[in-house]
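Chemist: What follows is a single structure, and I will ask about it in a moment.
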Amino acid sequence: MVINVEYNQLDPLLRATGHPDGDVNCETGYSPYPGNINQLILELGPYIEELTKTKGGIKEFVNPKYKDASKTSFKSSTRLECMMQDYPKTLPPTARVGFTVMDAWFAYAPVKNNPEDAAKVPKGNPYHSATSGEMAVYRANSLILRKAGVQIADPVPEVFNGQEVEVWSRITWKPQWGLTFSDIKKKVGGSCSISQRSTMIIKGCNVIVEDLSLDGALVIDAAKNSEVKVGGSVQNKGWTIEKVDHNDTSVAEELRIRGFRIKRIQQLETVGLPNSS
């Protein structure tokens, strides 16, 4: 059976099926089993047929989370649960079920831990915090552009809210600019380079980045029916990252949980008007 296994069930499952040590790391330092992020794609026809038979019923369980090893008090309320990834258990043996594996940097950056809990995570393990989640977006976008041929500077390590993270170029774009790698590849050309301290924001669909050398902040805002071509050398004081203490209640909470704020010092803004280039 091809099926996602919940993290708290993997170890006992392995021990019960010929792996006496359970889920232990291999020579790479990581588990040899791929993690799952529960993004399920279902074919609607067979799915509706299955729901007609099962009425949507899936086996239930409880997964208590305790405050400490004494297991005398709960960290959060415990509830009856069922898992959507258990859906294949109701399918017949002839059903087609498969999975796709992607690198973690491209597909997985949850934000679920508060600053205090994230700071307790051993170095080298994922923090899964607001700090690491935002930095993961910049890393992913930087690596995507690097794969598209852009010279992206290497990141530098920084510590925010007690968490050491890699700070890449702050690059973001609206989904309409590029949903797939092939979309982005078509819109990047020539010899482009972006420094580590740089920020680039792309808003709009028809934005072409060609022969751009960026060392600072660049904001490209293209209207729906306009085409903007950006290139040449752009250098300014840019936007800086300013650390914030998560215990400082005078600062807005959305900044405190990140551990930093973006200070906009200087930028170049390019605006594309409708039906213009």
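The values are calculated or read from the model by the stated rules, or taken from the named source; none is laboratory data. For clarity, every value in this text was computed on a predicted model and none was experimentally measured. Glycine also receives a Cβ, built like all others from the backbone with ideal geometry; neighbour counts cover every protein chain displayed. Remember, those area values only see protein heavy atoms, side chains included, never the ligands or the DNA or RNA. Shrake-Rupley method; radii C 1.70, N 1.55, O 1.52, S 1.80 Å.
Chemist: In degrees from 0 to 90, rounded to the nearest 10, what is the angle of the helix 130-147 Cα long axis to the longest principal axis of the chain?
Modeler: For 130-147 against the chain, the angle is about 60 degrees.
Chemist: While we're looking at this one, here's another question. How do 101, 156, 165 rank by accessible surface area computed with a 1.4 Å probe, from largest to smallest?
Modeler: If we order 101, 156, 165 from most to least accessible, we get 101, 156, 165.
Chemist: Moving on to the next point. Of the beta bridges DSSP finds with both residues in segment 154-251, what % are antiparallel, to the nearest 5? Don't skip to the end; give the middle numbers.
Modeler: On the way: 5 of 25 bridges.
Around 20 percent of the beta bridges assigned by DSSP in segment 154-251 are antiparallel ones.
Chemist: Give the cross-link partners of residue 237 among the lysines, using a straight C-alpha distance below 30 Å as the criterion and excluding same-chain residues fewer than 8 apart.
Modeler: Straight-distance partners of residue 237: 147, 174, 185, 186, 187, 203, 224, 229, 263.
Chemist: Report the charge-dipole magnitude of the chain in Debye, nearest 20, computed about the Cα centre from +1 at each Lys and Arg Cβ and -1 at each Asp and Glu Cβ. Present the calculation step by step, with values, prior to reporting the outcome.
Modeler: On the way: 33 positive and 32 negative charges, 85 e Å.
That gives the chain a dipole magnitude of about 400 debye.
Chemist: Can you tell me which lysines have their Cα less than 20 Å from the Cα of residue 89? Leave out same-chain residues fewer than eight positions away.
Modeler: Residue 89 reaches 53, 55, 59.
Chemist: Could you tell me the distance between the Cα centroids of segment 223-277 and segment 125-140, to the nearest Å?
Modeler: 18
Chemist: Here is a further query. Please build a GNM for the chain, connecting alpha carbons under 10 Å apart, and tell me which residue among 34, 115, 93 fluctuates the most.
Modeler: Looking only at 34, 115, 93, the biggest GNM fluctuation is shown by 93.
Chemist: Right, something else. For the chain, take N as its residue count and report Rg(C-alpha) divided by 2.2 N^0.38 Å. Please list the in-between numbers first.
Modeler: On the way: Rg = 23.3 Å, N = 277, 2.2 N^0.38 = 18.6 Å.
Compactness ratio reported: 1.25.
Chemist: Can you tell me the orientation of helix 44-54 relative to the chain, as the angle in degrees between its alpha-carbon axis and the longest Cα principal axis, to the nearest 10?
Modeler: The angle comes out near 30 degrees.
Chemist: Sticking with this structure for a sec: Output needed: percent of Cα pairs per 10 Å distance bin for segment 29-170, bins running from 0 to the one holding the longest distance.
Modeler: Over segment 29-170, the share of Cα pairs per 10 Å bin runs 9, 25, 29, 23, 13, 1 percent.
Chemist: I need the calculated FRET efficiency for the pair residue 221 and residue 17, taking r as the beta carbon distance and R₀ as 41 Å, to the nearest 0.05.
Modeler: Numbers: r = 55 Å, r/R0 = 1.35.
That gives a FRET efficiency of 0.15.
Chemist: Continuing with this model, one more query. Ranking request for peptides 52-64, 122-134, 241-253: highest mean number of other beta-carbon atoms within 10 Å first, then the rest in descending order.
Modeler: 122-134, 241-253, 52-64
Chemist: Sticking with this structure for a sec: Hey, any idea what % of segment 166-277's accessible area is carbon plus sulfur with a 1.4 Å probe?
Modeler: Working: 2910 of 6080 Å².
On segment 166-277, the fraction of accessible area on carbon and sulfur atoms equals 48 percent.
Chemist: Using the charge dipole of the chain (Lys, Arg: +1 at Cβ; Asp, Glu: -1 at Cβ; taken about the Cα centre), state which of 160, 238, 148 has its Cα farthest towards the positive end.
Modeler: Farthest towards the positive end: 238.
Chemist: Name the shape class, rounded, prolate or oblate, that the alpha-carbon gyration tensor gives for segment 101-181, where a ≥ b ≥ c are the square roots of its eigenvalues, rounded holds for a/c under 1.5, and otherwise prolate holds if a/b is larger than b/c and oblate otherwise. Each step should come with its number before you reach the end.
Modeler: On the way: a/c = 2.20, a/b = 1.72, b/c = 1.28.
Taking the square roots of the gyration eigenvalues as a ≥ b ≥ c, segment 101-181 is prolate.
Chemist: Using just the Cα positions, wrap segment 128-277 in a convex hull and report its mean projected area in square nanometres, one decimal place. Please report the intermediate quantities before stating the final value.
Modeler: Values: hull surface 36.4 nm².
Its average projected convex-hull area is 9.1 nm².
Chemist: While we're on this one: Could you work out the Rg to Rh ratio of segment 134-200, with Rh taken as the Kirkwood radius (inverse of the mean 1/r over all Cα pairs)? Kindly include the intermediate steps, with their values, before the conclusion.
Modeler: Values: Rg = 12.5 Å, Rh = 12.5 Å.
Here Rg/Rh amounts to 1.00.
Chemist: Using amide H atoms built in the peptide plane, which far-off residues or other-chain residues are under 5 Å from residue 129 H to H?
Modeler: 112, 113
Chemist: While we're here: Separation of segment 156-176 and segment 26-90 by C-alpha centroid, Å?
Modeler: Each part reduced to its Cα centre gives a spacing of 31 Å.
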